[in-house]
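In what follows, a structure is listed as structure tokens, so that the remarks can point back to it.
No lab work stands behind these numbers, since they all come straight from the coordinates. Predicted, not measured: the structure shown is a model, and the values here were computed from it. All Cβ positions, glycine included, derive from the backbone under ideal geometry; neighbour counts span all protein chains shown.
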Amino acid sequence: MLDMNSSQPLYEQIKQHILYNIHTGKFTPHTRIPSERSLSKQLGVSRLTVNKAIKELIQDGWLYVQIGKGTFINDGTIDQELDTLTGFTEEMAKRGQRADSYVLEIGVQPASDTVAQTLRIAKGLPVVRLKRIRRVNNQPIALETSSLIVALCPNIERYDFSKLSLYDILRNEYDIRLVYAQQTFESRRATDDEAHHLKLKKGSPILAIARVTYADNDAPVEYVESVYRGDKYKFTAILRRI
Ligand code: 16G
């Protein structure tokens, strides 16, 4: 099963072997995978090699550990650590997944009260509004509505955000360095429209997030209202004692 003469490292081949079993449904969500000891015996490699493969699959979100019980197949829930400012595309890439979006709306419109206040601009000034369904493996994960100050990123609506990352475009095309963000979370039930876009049953629990992202000099750049599927996404905060 493993090719000892291949240039692909053995731990990579083991990862592929486990992923193959997940994708073909041999390993189903929440079932335990064989122990490191039996995998190393079965595959004829050291436990250290098996351990490296499993560790990476845990990091990438494919497997999870239950202490004292073993290592299990994840059910596709994405767990995002809240210690760095990342975008959706980047978060998914870290897990070896490709994100794409369905653009529901993109265009320039006058800033509402909330948007103007948050972005610290006068009410009615033009903002770009980008509303996207964020997807992974064709599965909707979140619904995000971003508002950006037109003056900072003129004509940004010409980009194809079904494939491109907003953060990449801001960074590479407009030279905007995003420095930090403030985020608030609220759990509530999905509205009918949200449930429809996220393919959820009406009234399912969702996580509503509001994010303001700042560039240098504490200048707000984007205001985003997002709705994440409660059954597919969770956030883990890193708390350090000071
Ligand atoms: C994340 C951000 C969102 C940002 C987007 C950029 C949260 C809750 N939201 O989804 O504010 O606009 O990433 O993603 O984390 P992109 O670079 O893939 O377009």
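The base-10 log of I(q)/I(0) for the chain, evaluated at q = 0.08, 0.16 Å⁻¹, reads -0.40, -1.16 [Debye formula, identical scatterers on Cα atoms, solvent excluded].
Using the Cβ-Cβ distance between N217 and E81 with R0 set to 30 Å, the FRET efficiency from 1/(1 + (r/R0)^6) comes to roughly 0.65.
Multiply the residue separation of I238 and R95 by 0.36 nm, subtract the distance between their alpha-carbon atoms, and state the gained length in nm to one decimal.
Fully extending the segment from I238 to R95 adds 49.6 nm.
At q = 0.10, 0.11, 0.14, 0.18 Å⁻¹, what log₁₀ I(q)/I(0) does a Debye calculation on the Cα points of region 60-185 give, no solvent, two decimals? So the normalised log intensities are -0.39, -0.47, -0.71, -1.07. Rounding to the nearest 10 and keeping the result within 0 to 90°, find how far the Cα-based axis of helix 47-59 lies from the longest principal axis of the chain. Value to nearest ten degrees: 20. Shape summary of region 76-126, radius of gyration then Dmax from alpha carbon positions: 16.0, 42 Å.
Here the spin labels are modelled as points 7 Å beyond Cα on the Cα-Cβ line, and at Q139 and L2 they lie 2.9 nm apart.
Using the Cβ-Cβ distance between H30 and K123 with R0 set to 41 Å, the FRET efficiency works out to roughly 0.25.
Which entries in K55/K94; K52/K94; K123/K202; K94/K234; K131/K202 show an alpha-carbon gap greater than 22 Å? Too far apart for the 22 Å limit: K123/K202.
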